[in-house]
Amino acid sequence: MIPITEYAGRDVAVFGLGRTGLSAAKALKAGGARVHAWDDNEETRAKAEAAGLTLSDINKRDWQTFAALVLSPGVPYKFPQPHRIVRMAEMTNVPVVGDMELFARAVQALPERGRPKIVGITGTNGKSTTTALIGHILKHAGRDARIGGNIGTGVLDLAPLHANAIYVLELSSYQLDLVKSLHCDVAVLMNITPDHLDRHGGMDGYQAAKMRIFQNQTEKDVAVIGFDDVITQSIAIGLSANGPARVVQASSTYALGRGVSAVDGRLYDSNTGQAQFVGSLSDCMALPGRHNHQNAAAAYAACRSLGLDPQTIMEGIRTFPGLAHRLEMVGEIDGVRFVNDSKATNAEAAEQALKAYKKAYWIAGGVSKAEGIQPLSPLFPNITKAYLIGEAEDSFAATLKGKVALQTCGTLENAVQAAFRDAKAVGDENPVILLSPACASFDQFRDFEHRGDVFRSIVQSMMPQELKELA
């Protein structure tokens, strides 16, 4: 835990008691603040109490006594309209901050030579994989890397601040909306496509939130920017011209004159103006597909800027195990690979998986989003056969009929068994059974993690004993 001492002896309101709210409340209490923690949801309050937190209904408190309101990033701050708790804070001139701002101020309060390095990663897609990959590379190289933020561990639950540590932090647009003091030694922006527009008042507000990752950088810092979409191309060019940070472009589409490129699965470093081959990504089983190759290029650029040599970084990339439920290899039986992409809860997410695996035995279905799977039609030739489950199986079957061989299976277990039988019978080279549902999971599972865990369990139950021991 990172104790927050800024508010020692003062009253602080904490609203929203999910993962980040709980960690903020505990860190403030450890730092000597009088914490008044609340959540509108009764079940969430009960979980907070079970975790050892004392509740205080801030709706009934005198707001003139509060030194700050610590707001969960999941609570609307400005759009579509400020939450009533935010309005109460504004009416009483109580500053509104988030857990990441508390962390940033704690770092800022340290003497300069005692400050850790901070690597911040954001983007519409790929930020979780890139965050985990950077952290893995650094740990593989023997660095004291601490990974958290919007992924895994809340930032204030990470180990205490230390000058030799490197905090590798995934930053959502909601978190960035609430920061003013965060200074990233390395700031990584992967891409920007429309997302969460209701929470940011439109595309301009969403882009502005993402850009806050660069706001306190100096000429000593590095900005790693993806170069594979029009918006980030413009940002990279603009920051290169106006600084102050040094900009490193990262691409899996273009062979860059300066930057880091991963074209056709071959990683090149051209930061000196001359392209140097670093290594092949084709044997990095946890990073299939062009989108993951851009993640690798960005991670390489970030780690290179922290002083790691190219081959040490490449070794880290090769040994990266991947993230659970994101193109996660969960097993191989009789030459058939099983890939868990349960995180793909809509067509846009499933698109990356179908691009990564040609001739896939595709398991899809659940609670369909409005667009269904029609946007995936250009990738239907990549599907050897589809195995449909859950509420969406009939509508998905109607979309695929006459274009893709399909089977309605009802349950995930039926789909896995049917796909395995077919993959063995057809005899394709390197067949892949791909769970990438393009749907929410709530018809049959608690959440996408539960769905992915069930998939993994089914695959493991099918393995011979000697493979189970190796898994």
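The values are calculated or read from the model by the stated rules, or taken from the named source; none is laboratory data. Keep in mind that what you see is a predicted model, and the values were worked out from it rather than measured. No Cβ is skipped: glycine too gets one built from the backbone with ideal geometry, and neighbour counts run over all protein chains shown. To get the accessible areas, we keep the full protein, side chains included, count just its heavy atoms, and leave off ligands, DNA and RNA. Shrake-Rupley method; radii C 1.70, N 1.55, O 1.52, S 1.80 Å.
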For Glu391, work out the one condition from (1) outside any loop (DSSP other than H, G, I, E, B); (2) surrounded by 14 or more Cβ atoms within 10 Å (Cβ to Cβ) it doesn't fulfil. (1)
Among (1) open to solvent by 40 Å² or more (accessible area, probe 1.4 Å); (2) within 26 Å of the chain's Cα centre (by Cα) - the single one Thr384 does not satisfy: (2)
Matching residues in the range 297-320 (closer than 23 Å to Glu332 by Cβ, outside any helix (DSSP H, G or I) and more than 16 Å from the chain's Cα centre (by Cα)) number 1
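Every residue, every condition in (1) within 16 Å of Ala440 (Cα to Cα); (2) of a type outside the set (S, T, N, Q); (3) touching a residue at least 40 places away in the same chain (Cβ under 8 Å); (4) touching a Lys or Arg at 6+ places or on another chain (Cβ under 6 Å), yes or no:
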position	(1), (2), (3), (4)
Lys359	no, yes, yes, no
Gly366	yes, yes, yes, no
Leu376	no, yes, yes, no
Phe380	no, yes, no, yes
Gly390	yes, yes, yes, no
Asp394	yes, yes, no, no
Considering only residues that are in contact with a Gly (Cβ under 9 Å, 6 or more places away or on another chain) and under 21 Å from Glu6 (Cβ atoms), look in the range 104-145 and name the one that is least open to solvent (accessible area, probe 1.4 Å). Gly120
Just to verify a result, which residue in the range 332-345, among those that are charged (D, E, K, R) and not in a strand (DSSP E or B), is surrounded by the fewest Cβ atoms within 10 Å (Cβ to Cβ)? Asp334
I need the full set of residues from the range 1-21 which are surrounded by 23 or more Cβ atoms within 10 Å (Cβ to Cβ), touching a strand residue (DSSP E or B) at 6+ places or on another chain (Cβ under 8 Å) and closer than 23 Å to Ala109 by Cα, in order please. Val12, Ala13, Val14, Gly21
Which numbered condition Ser457 fails, given (1) touching a residue at least 12 places away in the same chain (Cβ under 8 Å); (2) among the hydroxyl-bearing types (Ser, Thr, Tyr); (3) part of a helix (DSSP H, G or I); (4) closer than 19 Å to Asp341 by Cα: (1)
How do the pairs read when you match residues in the range 156-178 that are under 27 Å from Gly205 (Cα atoms) and open to solvent by 10 Å² or more (accessible area, probe 1.4 Å) with residues anywhere that are small (Gly, Ala, Ser) and part of a loop (DSSP other than H, G, I, E, B), using Cβ under 6 Å and keeping only pairs 6 or more apart or on different chains? Leu178/Gly98
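For (1) at pLDDT below 95; (2) under 19 Å from Lys369 (Cα atoms), each residue gets a yes or a no:
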| site | (1), (2) |
| --- | --- |
| Asp428 | yes, no |
| Ile433 | no, no |
| Gln444 | no, yes |
| Arg451 | no, yes |
Thr384 being within 22 Å of Arg456 (Cα to Cα), in contact with a Phe, Trp or Tyr (Cβ under 8 Å, 6 or more places away or on another chain) and assigned to a loop (DSSP other than H, G, I, E, B): no
Under 7 Å by Cβ, and 6 or more places apart or on different chains, what pairs join a residue from the range 205-231 that is free of Cβ contacts under 8 Å to residues at least 40 places away in the same chain with one that is acidic (Asp, Glu) and in a helix (DSSP H, G or I)? Ala209/Asp177
Output the number of residues of the range 304-331 satisfying the condition of being crowded, with 16+ Cβ neighbours inside 10 Å, without any contact (Cβ under 8 Å) to a residue 60 or more places away in the chain and charged (D, E, K, R). 2
Which of the residues spanning the range 1-55 are over 21 Å from Gln175 (Cβ atoms) and in contact with a Ser or Thr (Cβ under 8 Å, 6 or more places away or on another chain)? Asp11, Gly32, His36
Is it the case that some residue within the range 426-442 is crowded, with 19+ Cβ neighbours inside 10 Å, more than 18 Å from Tyr357 (Cβ to Cβ), in contact with a helix residue (DSSP H, G or I) (Cβ under 6 Å, 6 or more places away or on another chain) and in contact (Cβ under 8 Å) with a residue 12 or more places away in the chain? yes
